[in-house]
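Step one of this worksheet: look at the structure below.
The values are calculated or read from the model by the stated rules, or taken from the named source; none is laboratory data. It should be emphasised that the depicted structure is a prediction, and the values quoted were computed from it without experimental measurement. Quick reminder, even Gly has a Cβ in these numbers, built from the backbone with ideal geometry, and neighbours come from all protein chains shown.
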Amino acid sequence: MFFYPFLIMLREGLEATLIVVLIACYLKKTGQSQWMKYVWIGVISAASLCLALGIAIHIGSGEFPQAEQELFEGIVAVIAVIMLTYMVFWMQNSANSVSITQQVEDALTTRQGPARALLLMVFLAVAREGLESVFFLLSAFSQDVGLQAPIGAVTGLATAIGMGLVLYFAGVRVPLKAFFRWTSLFILFVAAGLAAGAIRAFHEAGLWNHLQALAFNSSEWLSTQSLLGTLLESLLGYQQTPSQSEVLIYVLYLIPALTWFIVKQTMNSQVNTRKSKT
């Protein structure tokens, strides 16, 4: 359970870091570095809010009886699936440096005061990534009580911050479009596994008792006790003896999500091609 939290925090941390880096670069290039203190206030405030919320929810969930814990885990998994899906398609639509720098310009010229507007913009941007991470990590931590998940999360965040610093100070170009495209594709499979895990948690909580017959048994050729099986279980929610409802939910989520992802990717490629020709 190291790689999933690592990947989530690397991606979410990199998104937030890129926003801060782009804002910092814009302020530096336009000679407005005096506003950077408000950027850092926004970053620290948003990070503190997300950390406090995550700790409060994690501590509070430990006091529930078993059935309520299963229900809580199912609800968190559903929220994580929704946020993962939103994150993937939001990145396809609007994550680019042009839109971010335009938002900075708007913030600095607002009548409500550039400091307050810039602080609010940074706070909301970082808080959005942070709150998404909270629910992803709660879902991961509920499946693993060891240290691998927290270590993976911290390592992923540290890696994202390090990449941001390199981009800011060295100006190194990283193929971010390819990175986000392939991690988005992978995350859709992660979300499908979380959706199947949610229906399993709802069954264990006593809320869902339909289609509980065994769908298949793959323990003889891919056991969750094997290295590959353990890896797939940690990353994608693989189960060697899933119920029919788990398989159904997995397929009902993954096929439409992948189809829409491919359609959007094709549409974006066509738009970029037309822009490059003009």
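Can you tell me which residue is surrounded by the most Cβ atoms within 10 Å (Cβ to Cβ) among those in the stretch 211-233 that are of a type in the set (Gly, Ala, Ser) and touching a strand residue (DSSP E or B) at 6+ places or on another chain (Cβ under 9 Å)?
Selected residue: ALA215.
Output the number of residues of the stretch 64-89 satisfying the condition of being modelled with pLDDT under 75, surrounded by fewer than 13 Cβ atoms within 10 Å (Cβ to Cβ) and assigned to a helix (DSSP H, G or I).
Number satisfying all stated conditions: 3.
Filter the stretch 8-63 down to residues that are assigned to a loop (DSSP other than H, G, I, E, B) and either free of Cβ contacts under 8 Å to residues at least 40 places away in the same chain or under 16 Å from the mean Cα position of the chain (by Cα) (or both), then give me how many there are.
Summing the residues that are assigned to a loop (DSSP other than H, G, I, E, B) and either free of Cβ contacts under 8 Å to residues at least 40 places away in the same chain or under 16 Å from the mean Cα position of the chain (by Cα) (or both) in the stretch 8-63 gives 4.
For the stretch 234-246, which residues satisfy the criterion of being touching a residue at least 24 places away in the same chain (Cβ under 8 Å) and surrounded by 16 or more Cβ atoms within 10 Å (Cβ to Cβ)?
If the condition is that a residue be touching a residue at least 24 places away in the same chain (Cβ under 8 Å) and surrounded by 16 or more Cβ atoms within 10 Å (Cβ to Cβ), then SER234, LEU235, LEU236, GLY237, TYR238, GLN239, PRO242, SER243, SER245, GLU246 are the ones that fit.
Please work out if ALA153 is crowded, with 22+ Cβ neighbours inside 10 Å and modelled with pLDDT of 80 or more.
Yes, satisfied.
Out of all the residues in the stretch 183-238, which are under 17 Å from ILE82 (Cα atoms), in a helix (DSSP H, G or I) and of a type in the set (Gly, Ala, Ser)?
Once the filter is applied, which keeps residues that are under 17 Å from ILE82 (Cα atoms), in a helix (DSSP H, G or I) and of a type in the set (Gly, Ala, Ser), the stretch 183-238 yields SER184, ALA191, ALA192, GLY193, ALA195, ALA196, GLY197, ALA198, ALA201.
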